[in-house]
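Have a look at the structure below before the remarks.
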Amino acid sequence: MVPTTTSSESLQNSATSSLADMKTCLNGAAVQKSQQQNSQNGINNQKLRVSAHRESAIQMGEYNDAEYIGINEVPSPRANNSKKLSILPLIFLIFYEVSGGPFGVEDTVHAAGPLFALLGFLVFPLIWSVPEALITAEMGTMFPENGGYVVWVSSALGPYWGFQQGWMKWLSGVIDNALYPVMFLDYLKSAIPALGGGLPRIIAVLALTVVLTYMNYRGLTIVGWVAVSLGILSILPFVVMGLISIPKIRPARWLVADVHSIDWNLYLNTLFWNLNYWDSISTLAGEVRNPKKTLPKALFYAVILVVLSYLFPLMIGTGAVPLERDLWTDGYFSDIAKMLGGVWLRCWVQGAAAVSNMGMFVAEMSSDSFQLLGMAERGMLPEFFAKRSRHGTPLIGILFSASGVILLSWLSFQEIVAAENFLYCFGMILEFIAFVWLRVKYPNAPRPFKIPGGTIGAVLLCIPPAILIGVVLAFSTIKVMIVSLAAVAIGLLLQPGIKLIERKRWLKFSTSSDLPDITSHGPLVQ
């Protein structure tokens with residue numbers, strides 16, 4: 001959908017009407033509707049719809065039937081529910097945004113041994129994954145549109161910092177997506193040695209990127225159900241491996257630890273990379289059917305699925321096979337499969353790794369490209385980023401994201417993980433600030449899903465992940481710091497440059513009239 005330009009006078013009148021309706025809604029228990037004729041500006045039959053705010057804490061997955069504030073009563077082309085995501089595809093898209101299975105967790109054993117690897121995937125979800133998923137559920141249902149976390153930060157800290165959030169998160173997402181062709185080929189190179197390097201590897205990366213990019217182009221609904229199919233195929237061989245390994249399990253092997261030989265940088269970066277990106281699904285909130293009910297439930301089930309998909313294979317691999325830490329690197333699960341079941345199981349695991357990386361690629365690219373679309377609908381990027389293909393997908397955003405993946409795919413696994421973690425940490429800091437600030441400044445704003453505990457609870461929820469961010473940043477190498485800070489600096493200069501282009505009218509910018517105002521006088525946060 002191409003956003004339409006709204007005049008400043010019209011926006012002012014819409015905001016005034018929105019404030020009036022919000023006050024009526026907050027003072028009553030039922031949903032109020034108002035209609036204002038504005039012949040001067042040519043805007044007719046505009047309606048504002050919001051729900052009565054419920055102060056009591058809502059458990060994860062509950063829903064109070066609040067409706068997102070819309071300006072136009074006429075539904076936009078995006079509102080076709082038949083093309084929107086239902087809960088099952090959404091669960092697996094979150095699964096692939098965050099995890100995709102145990103492929104890539106091998107380095108935790110290499111870095112710290114079995115005990116700390118298992119503890120890491122038990123404790124870190126409580127420190128990081130659960131808080132991030134809860135914040136995503138609250139903010140994603142408060143702002144159910146494709147801008148996601150960009151809109152959260154913009155509403156709290158202003159459009160400049162909203163743009164910085166978008167830049168850092170998009171760049172970290174593209175860097176993250178560059179991992180998947182690398183991991184895909186790492187799992188196949190033992191069976192096809194030619195893929196280990198040189199021209200065959202380059203051709204394979206380009207071909208894989210083109211095929212998966214085309215899949216994103218064809219539509220998010222297709223991507224969602226593909227994610228479900230690929231998820232089942234990714235998990236199934238480890239279920240079989242677990243049944244085969246039962247007679248060989250030695251629980252004492254799970255307790256092996258050597259504190260003095262832990263590579264903390266590799267250990268923390270691998271854990272962090274495998275347990276983050278829960279907020280990425282927020283950039284697809286505008287494509288979800290009934291997001292205020294569906295999104296929290298999908299996040300809840302996805303947390304369980306992700307944690308189990310890590311712990312179960314790790315317990316098999318470390319408990320059924322004698323420990324050789326140096327061998328625990330990317331792709332080692334396929335070797336374990338051969339030890340336990342033979343060549344056929346190894347080939348199955350390699351195939352599962354391949355389809356898992358395909359799932360992670362298409363999920364991440366969907367999130368990144370729809371984020372650019374959401375930013376364009378908010379006037380932060382040129383209007384051409386908001387144009388959709390005939391399949392309803394953001395074609396320009398997909399092409400930009402695919403180009404970044406190709407440019408970065410030459411980096412090593414460890415370098416990619418460290419760089420994207422660094423940028424991701426900066427983005428999460430802005431999210432935590434926005435989350436707390438909106439709780440403090442606008443405590444009565446409608447929140448279809450609300451984390452219990454009030455403002456104090458919101459602050460306490462952010463403390464453990466904030467400490468973890470500090471630790472991850474402290475263990476970053478000088479090279480990663482320099483590259484990442486340079487990327488941050490580019491964003492600081494890029495936003496004023498884009499605003500200059502807008503003022504000079506070198507490119508067309510517009511704000512979608514289907515979206516509510518999120519400025520300081522906007523209705524959503526008053």
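The values are calculated or read from the model by the stated rules, or taken from the named source; none is laboratory data. It should be emphasised that the depicted structure is a prediction, and the values quoted were computed from it without experimental measurement. Reconstructed Cβ throughout: ideal geometry from the backbone, glycine too, with neighbour counts over all protein chains shown. SASA here: full protein model, heavy atoms, side chains in, ligands and nucleic acids out. Shrake-Rupley method; radii C 1.70, N 1.55, O 1.52, S 1.80 Å.
Residue count for region 432-474 satisfying the condition of being outside any helix (DSSP H, G or I), surrounded by fewer than 17 Cβ atoms within 10 Å (Cβ to Cβ) and in contact with a Leu (Cβ under 8 Å, 6 or more places away or on another chain): 2.
When you check Phe422 against the structure, is it open to solvent by less than 20 Å² (accessible area, probe 1.4 Å), in a helix (DSSP H, G or I) and either modelled with pLDDT under 90 or touching a strand residue (DSSP E or B) at 6+ places or on another chain (Cβ under 7 Å) (or both), yes or no?
yes
The set of residues in region 243-269 that are polar (S, T, N, Q) and surrounded by 12 or more Cβ atoms within 10 Å (Cβ to Cβ) comprises Ser245, Asn265, Asn269.
Okay, residues lined up against (1) assigned to a loop (DSSP other than H, G, I, E, B); (2) at pLDDT below 50; (3) closer than 24 Å to Leu299 by Cβ:
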| site | (1), (2), (3) |
| --- | --- |
| Glu55 | yes, yes, yes |
| Tyr68 | yes, yes, yes |
| Pro75 | yes, yes, no |
| Gly100 | yes, no, yes |
| His110 | no, no, no |
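Remark: pairs (first residue in region 440-467, over 18 Å from Ser282 (Cβ atoms); second residue open to solvent by 20 Å² or more (accessible area, probe 1.4 Å) and of a type in the set (Ser, Thr, Tyr); Cβ separation under 6 Å; 6+ apart in sequence or on different chains) = Val440/Thr455.
The residue that is farthest from the chain's Cα centre (by Cα), among those in region 116-162 that are aromatic (Phe, Trp, Tyr) and open to solvent by less than 10 Å² (accessible area, probe 1.4 Å), is Phe121.
Taken together, Leu311, Leu295 contain a single residue that is part of a helix (DSSP H, G or I) and in contact with a strand residue (DSSP E or B) (Cβ under 7 Å, 6 or more places away or on another chain), which is Leu295. Screening Glu502 against (1) open to solvent by 70 Å² or more (accessible area, probe 1.4 Å); (2) over 23 Å from Asn276 (Cα atoms) leaves a single unmet condition, (1).
Okay, residues lined up against (1) surrounded by fewer than 24 Cβ atoms within 10 Å (Cβ to Cβ); (2) closer than 19 Å to Ala227 by Cα; (3) more than 14 Å from the chain's Cα centre (by Cα):
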{"residue": "Ala285", "(1), (2), (3)": "no, yes, no"}
{"residue": "Lys292", "(1), (2), (3)": "no, no, yes"}
{"residue": "Lys297", "(1), (2), (3)": "yes, yes, yes"}
{"residue": "Leu308", "(1), (2), (3)": "yes, yes, yes"}
{"residue": "Pro313", "(1), (2), (3)": "no, no, yes"}
{"residue": "Ile316", "(1), (2), (3)": "no, no, yes"}
{"residue": "Val321", "(1), (2), (3)": "yes, no, yes"}
{"residue": "Glu324", "(1), (2), (3)": "yes, no, yes"}
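Candidates Met380, Met360: the one that is more than 23 Å from Leu90 (Cβ to Cβ) and crowded, with 24+ Cβ neighbours inside 10 Å is Met380.
Taken over region 206-233, residues that are within 19 Å of Ala353 (Cα to Cα), under 20 Å from the mean Cα position of the chain (by Cα) and crowded, with 20+ Cβ neighbours inside 10 Å amount to 9.
From the list Tyr267, Tyr301, Tyr277, which one is touching an Asp or Glu at 6+ places or on another chain (Cβ under 6 Å) and at pLDDT 90 or above? Give the derivation first.
Values: Tyr267 fails: touching an Asp or Glu at 6+ places or on another chain (Cβ under 6 Å); Tyr301 fails: touching an Asp or Glu at 6+ places or on another chain (Cβ under 6 Å).
Unique residue meeting the criteria: Tyr277.
When you scan region 409-418, do you find a residue that is among the acidic types (Asp, Glu), part of a helix (DSSP H, G or I), more than 17 Å from the chain's Cα centre (by Cα) and surrounded by fewer than 20 Cβ atoms within 10 Å (Cβ to Cβ), even just one?
First pass over region 409-418, keeping only residues among the acidic types (Asp, Glu): 415.
Cutting the leftovers down to part of a helix (DSSP H, G or I) gives us 415.
Filter once more, so that each one left must be more than 17 Å from the chain's Cα centre (by Cα): 415.
Those still in the list that are surrounded by fewer than 20 Cβ atoms within 10 Å (Cβ to Cβ) too: 415.
The answer is yes, given that some residue of region 409-418 is among the acidic types (Asp, Glu), part of a helix (DSSP H, G or I), more than 17 Å from the chain's Cα centre (by Cα) and surrounded by fewer than 20 Cβ atoms within 10 Å (Cβ to Cβ).
Against the conditions (1) crowded, with 16+ Cβ neighbours inside 10 Å; (2) over 18 Å from Leu381 (Cα atoms); (3) aliphatic (A, V, I, L, M), Ile518 satisfies every one except (2).
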